[in-house]
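The values are calculated or read from the model by the stated rules, or taken from the named source; none is laboratory data. Keep in mind that this is a model prediction, so the values were computed, not measured. Cβ coordinates were reconstructed from backbone atoms using ideal geometry, including for glycine residues, and neighbour counts include every protein chain displayed.
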C-alpha cells in the first residue's frame, strides 16, 4: 500500500487507486517471472474491480548509463504492455454473489478471459501466460508513523487489496538474451469518453513505479507548508516525466531526501550523492533483472549499488514479502549505515510459494456463543426473552422500541450509559428464535446475533450466538464485550427460571 | 441547448453503479473495522464519515445517521476535547441538520486550532444550508469554484445559485462540473444529474417535467439504486398518469427503509386501486417517518412536513414540523413550505 490514497483523483473511486507494484521470479518455477499490481486500499470483502478503467503493467528494457554520482538508468522502446479490463457484474445463481470477469491483453496481442477471485487463475493455451485477479491480503508492512519516524504496529494489519497477478515465461516474453534489466510501472487509466478525438487519450488516474514515490518522497512530512505535488505527479506519463516539470519534482525530491537524511541529526549523504539519489528516484520505475536472484531483501539493491559506484549483484525487483519501507527508510536516512526497523517485520499474512503468491484475504468471521439449560419449559422462557424489546437483561438500563415486527429497532441504553441500536431481521415464534443486526454500538462490523430457546427434556436451553467481521487487534475487545453481555444475560435467567438439574 | 443527450459527449465513462455501490459497502464496512480497532488514529473516523455520507446520499440508507452519531460519541470518548474530534462532531451534527450544535462544535474546533480551511469550508456549507447571508456565501463560492475548478465546488455553487433562483447560472455551473469531471466514480456525476432534475422540476418557476425526468433517468442509469432519484422520477411518472412505471421505480428500493419510498408507493398503489397494499405501505410510511423524527427531528422535519401535508393527512403535525424546519434553517424554501402548509391548514379550519 505504498502508493495508496496519494491524490484527490484516486480518492474519487478507491478501486482506481494503485497501492503497490511487484516484480519477482516465480517461487514455483524459476523460468517464469511474476508481475503484480494492487488496487483499492483497505477494501472490504465484496470489493470488485472498476469496469471503467484499463489497468496496465508496462515493462521497458533498461540499462545502467552511469555509476556513482552520475547514476542514470535509461529505458527504451518497445513497451511490453499487459492490460486488464473488467466487465460489469453477472448475476450469480440465486443467493450467490455476482460474478465479475475480465480480459487480459498480452504484449503479443493474445487475450485471455479471467474470472475474478478464481484462485487457480487462467492460462493461455500455450502456457506462456497465467493470470489471477481478485481479493487478497495486503502484504505491505507499514510499521512506522513515518511523519514522526516512530516504529509502530503494522497500520495495515488485516487489510485486503484487489490484486492482479500476471505470470509468464521469462525467456519467451522478455527475451533476456537482449538484456536482462527491466523497468516496470503500473497505471490506471479511465476509458475514453464517447466520441473522444483520436489522439486525446484520457488523463491517467494513478501510476506507480518504486514504492513510496508519492507518499514518502514527494509528500515528505518534514517539509512544512510544501505544496502537495502528488496529483500532478500522478498525471505525468510514466517513463517520460514532462521536461518542464522535471526541475520542480527534482527539487522536491532533493528537499525531501535532505530532510530524511538529517532526521537522525547526522548527514550521511554528500550534496552530490543526494542529488544523484534524487535524480535516480525522479526516473520512477521499479528495476528488476531476470538474470539475477530476486529475493525478499534484494529490493533496490540495483539502485543502491549503482549509486555506490558498484556493479549490482541481485535482481532487485520486489517480492511479496519484501519489507520495502524499512529498506527505503534505512537508505534515505542513513545510507544503510544502520538498519532502521519498524514496529514489526511481518505482514498480516506472508506471501505464498504457489500461484497466485499473494495470501488469501482476511475475511475471518468471529463467533461468540453461549447457552444455558433452564428448568422452565421453553414457552415460558420465550414469553419473556422472545420479546425483542424485553427488558430482562441486568446490564441494560432501558430499551426503547421503534416500530413493530421485522425491521423494528431497539435502542438500548446499558447501565454504563452506552447506546446500542439493533434491528430485528427475522422472527420465528414457532421455533422461538429471532435474528438481529447491530446498527451501531458494538465495535464490530457486519455483526448479526441469533437468540433461540429450544426444548431440553422438561426444561429448555437458551442459545445466544453472534458473528462479526474480525478486525485484528480489536477482536479481543469485541469478544470480551459480547461474551460478557451473553454470559451475564443468560446467567440472570437462572434466577428467574431455575437452572436445569 | 438544455438536453441530456447534448451532454453525453462530455461525460467520462464511470464505474458501473452496481459495482460502485458494492465497493462503497465494502469500503464502509472495512473503514468501521479500522475505526473500532483504533478510533483515535488520524484519518480513520474521517473515512468512515465520508463513506456514511455517500451511503446516506446515494443508497438512501438513513441509519447512516445513527451510525455517525454514535461514532461521534465514541470518538469523543477516545480522543476528548481535540480540535479534530470537534470538527468531526460538527460534521456529524451538520449531516443531521443540527446546525446550532454544528456551529458550537466548529467554534470549539477553531479555538483548538483546527485547520482553518476545514473550519471555513464546513461553516460555508452550514451558512448555505441555513440560508444565512447567501449573497456573501455566493461571493465565496464563486471565488472557490474559480480557484479550484473542482467538481464539488462547482456543484455547491450550482446548488446555491438555484437557491437564489438564478436557474440559468445554476445550470451552467452544473454543466461546467460535468465537463470538468475526469474521475471514474459515478457518485458525483449521478449527483449532478439529480440536481439538474431538481432544478427543472422542484425549483424552476416554470417546471419542465420532461427535462427533469430525463435528468433523473440519467442519474438512475448511472446509479441504479439511487433512491432519491427514483422517488423523484416516480413522482413525475405518477403525475403523468404512468403509475406502472412509478411502481417499477419504487419497488426495488422498498427494502432500503426510506419512508418516502413507502409513501410514494402507497400513493401509486392507491391510484391503481390496490387499496389493501396501499394501506400497508402507508402504515409503514407513518411508522418510518415517526421513527426518523424521533431520532433525527431536524434532519427530517421538512420531509415529515411534506408527508403529513400530503397523504400523511395530518396538517397540524405538518405545520408543526414545517415550523421546526423553518426555525432551524430559515431558507426561502423552508419558509415557503411553512407558509404553504399554514394556508392549507387555515383553509381546512375554514372548511370545518
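Side notes on the structure shown:
- Verdict on residue A:432 being farther than 25 Å from residue B:262 by Cβ, more than 9 Å from chain B (Cβ to nearest Cβ), surrounded by 14 or more Cβ atoms within 10 Å (Cβ to Cβ) and touching a strand residue (DSSP E or B) at 6+ places or on another chain (Cβ under 6 Å): yes
- Identity of the residue in the stretch A:41-56, more than 7 Å from chain B (Cβ to nearest Cβ) and crowded, with 24+ Cβ neighbours inside 10 Å, that ends up farthest from residue A:318 (Cα to Cα): A:49
- Residue B:31 satisfies every condition listed in (1) more than 9 Å from chain A (Cβ to nearest Cβ); (2) part of a helix (DSSP H, G or I); (3) at pLDDT below 90; (4) in contact with a helix residue (DSSP H, G or I) (Cβ under 6 Å, 6 or more places away or on another chain) except (1).
Residues checked against (1) assigned to a loop (DSSP other than H, G, I, E, B); (2) at pLDDT below 95:
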site: A:77; (1), (2): no, yes
site: A:88; (1), (2): yes, no
site: A:103; (1), (2): no, no
site: A:108; (1), (2): yes, yes
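- For residue B:98, the conditions (1) out of contact with any helix residue (DSSP H, G or I) (no Cβ under 8 Å at 6 or more places or on another chain); (2) more than 10 Å from chain A (Cβ to nearest Cβ); (3) touching a residue at least 60 places away in the same chain (Cβ under 8 Å) all hold with the exception of (1).
- Scope the stretch A:354-396; condition over 19 Å from the mean Cα position of the chain (by Cα) and closer than 30 Å to residue A:167 by Cα; matching residues: A:354
- Top-ranked residue in the stretch B:43-58 [being facing chain A (nearest Cβ under 9 Å) and closer than 18 Å to residue B:83 by Cα; ranked as surrounded by the fewest Cβ atoms within 10 Å (Cβ to Cβ)]: B:43
- So residue A:450, is it more than 14 Å from chain B (Cβ to nearest Cβ), without any contact (Cβ under 8 Å) to a residue 24 or more places away in the chain and not in a loop (DSSP other than H, G, I, E, B): yes
- When B:13, B:39 are checked against the criterion of being in a loop (DSSP other than H, G, I, E, B) and within 23 Å of residue A:468 (Cβ to Cβ), B:39 stands alone in meeting it.
- Among the residues making up the stretch A:228-252, those that are assigned to a helix (DSSP H, G or I) and within 19 Å of residue A:211 (Cβ to Cβ) are A:230, A:231, A:233, A:234, A:249, A:252.
- Every condition in (1) within 14 Å of chain A (Cβ to nearest Cβ); (2) modelled with pLDDT under 90; (3) not in a helix (DSSP H, G or I) is met by residue B:178 except one, and the failing one is (3).
- Scope the stretch A:107-119; condition within 25 Å of the chain's Cα centre (by Cα) and in contact (Cβ under 8 Å) with a residue 40 or more places away in the chain; matching residues: A:116, A:119
- Against the numbered list (1) under 29 Å from residue A:147 (Cβ atoms); (2) in contact (Cβ under 8 Å) with a residue 12 or more places away in the chain; (3) at the interface with chain A (Cβ under 8 Å from one of its Cβ atoms); (4) crowded, with 22+ Cβ neighbours inside 10 Å, residue B:14 comes up short only at (1).
- Any chance residue B:92 is within 24 Å of residue B:163 (Cα to Cα) and either within 14 Å of another protein chain (Cβ to nearest Cβ) or at pLDDT 90 or above (or both): yes
- Residue match in the stretch A:207-223 (condition: over 24 Å from the mean Cα position of the chain (by Cα) and not in a helix (DSSP H, G or I)): yes
- Within the stretch A:271-316, the residues that satisfy the criterion of being closer than 29 Å to residue A:248 by Cβ and not in a helix (DSSP H, G or I) are A:283, A:284, A:285, A:286, A:287, A:288, A:299, A:300, A:308, A:309, A:316.
- Filter result for residue B:67 (in a helix (DSSP H, G or I), away from every other protein chain (no Cβ under 14 Å), modelled with pLDDT under 95 and closer than 30 Å to residue A:39 by Cα): no
- Given (1) surrounded by 20 or more Cβ atoms within 10 Å (Cβ to Cβ); (2) within 27 Å of residue B:162 (Cα to Cα); (3) modelled with pLDDT of 95 or more, number of the condition residue B:341 does not satisfy: (3)
- Among the residues of the stretch A:328-350, those that are surrounded by fewer than 22 Cβ atoms within 10 Å (Cβ to Cβ), closer than 30 Å to residue A:135 by Cβ and out of contact with any helix residue (DSSP H, G or I) (no Cβ under 8 Å at 6 or more places or on another chain) comprise A:343, A:344, A:346, A:349, A:350.
- Matching residues, the stretch B:277-299, being within 24 Å of residue B:239 (Cβ to Cβ) and more than 14 Å from chain A (Cβ to nearest Cβ): B:277, B:278, B:279, B:282
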